[in-house]
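The values are calculated or read from the model by the stated rules, or taken from the named source; none is laboratory data. In this text, all values refer to a predicted model and were calculated from it rather than measured experimentally. Cβ placement follows ideal geometry from the backbone for every residue including glycine, while neighbour counts extend to all protein chains displayed.
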């Protein structure tokens, strides 16, 4: 199955057999299951690999299937181009109104053959808010696209240590673009991966779920990793921000903050609720209580 998500809310694209042929029935079952699990929206992407784009008729069929499955319960948008949609832009504007501290955009560029076009669409989201925008590039070759997202309005660009053999060079490139440089570590990646780049980064993102889709549960042993990261940052006397993403909810936000996190990323835990502002206020209360 090939499932990925993009935009500013948890989403799912389409399901494909190993030969990438489209299975509408299977796609529908996956989407229905995800809606029951609490995703906030469905995104239908048109590309699942270089040379594997859907035909126009196939994409229309998937969009129609998504709309039929959703039955008005969640929004449905089409592909990466929907960074320009009213929904995506509205979510960025509402982030400030409801009390968020920033907007996190994760472009699905692994499968995109037009990364520059994706960055251009992202510009519409960045312009819709005065809040800091953190672009988390969950892709294999982020160096190729960093400049496009910097020009499009990113304040932070975060890249994965796991895919960069020359991480210090990549971080230097991001900083040279006038953007803050962040490093993301997957749950199984040790902090020792950062031993020689601490001075080259502005933010550490500890992933507390394995990247791939929204709505996952927080991996418990990541709490020790957060604490260890906090201790290492303090020991070195650095101003590196500590961010945590994955399974963050109101009921664990306090514990994550106590462990040393300064930035908590929440998707479905906010946008899957009826009252965004009330949920954000509850997050703030939990974090404030933990830091008193």
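Okay, here's what the table says:
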| item | result |
| --- | --- |
| Given (1) in contact with a helix residue (DSSP H, G or I) (Cβ under 7 Å, 6 or more places away or on another chain); (2) under 16 Å from residue 122 (Cβ atoms); (3) assigned to a helix (DSSP H, G or I), index of the condition residue 171 fails | (2) |
| Qualifying residue in segment 215-223 (condition: in contact with a helix residue (DSSP H, G or I) (Cβ under 8 Å, 6 or more places away or on another chain) and over 28 Å from residue 152 (Cβ atoms)) | yes |
| Residue pairs meeting the criteria (Cβ under 8 Å; at least 6 apart or on separate chains; first at positive phi, in segment 268-292; second assigned to a helix (DSSP H, G or I) and surrounded by 14 or more Cβ atoms within 10 Å (Cβ to Cβ)) | none |
| Residue within segment 179-190 that is out of contact with any strand residue (DSSP E or B) (no Cβ under 9 Å at 6 or more places or on another chain) and under 21 Å from residue 236 (Cβ atoms) present | yes |
| Residue list for segment 228-261, restricted to those being touching a strand residue (DSSP E or B) at 6+ places or on another chain (Cβ under 7 Å) and either free of Cβ contacts under 8 Å to residues at least 24 places away in the same chain or part of a strand (DSSP E or B) (or both) | 241, 242, 243, 244, 245 |
| Which listed residue is in contact with a helix residue (DSSP H, G or I) (Cβ under 9 Å, 6 or more places away or on another chain), at pLDDT 95 or above, crowded, with 21+ Cβ neighbours inside 10 Å and closer than 26 Å to residue 196 by Cβ, from 233, 226 | 226 |
| Residue match in segment 196-203 (condition: buried (at least 22 other Cβ atoms within 10 Å of the Cβ), in contact with a strand residue (DSSP E or B) (Cβ under 9 Å, 6 or more places away or on another chain) and either not assigned by TED's automatic domain parsing to the domain that holds residue 273 or not in a loop (DSSP other than H, G, I, E, B) (or both)) | no |
| Out of 237, 215, sole residue that is over 20 Å from the mean Cα position of the chain (by Cα) and on the phi > 0 side of the Ramachandran plot | 237 |
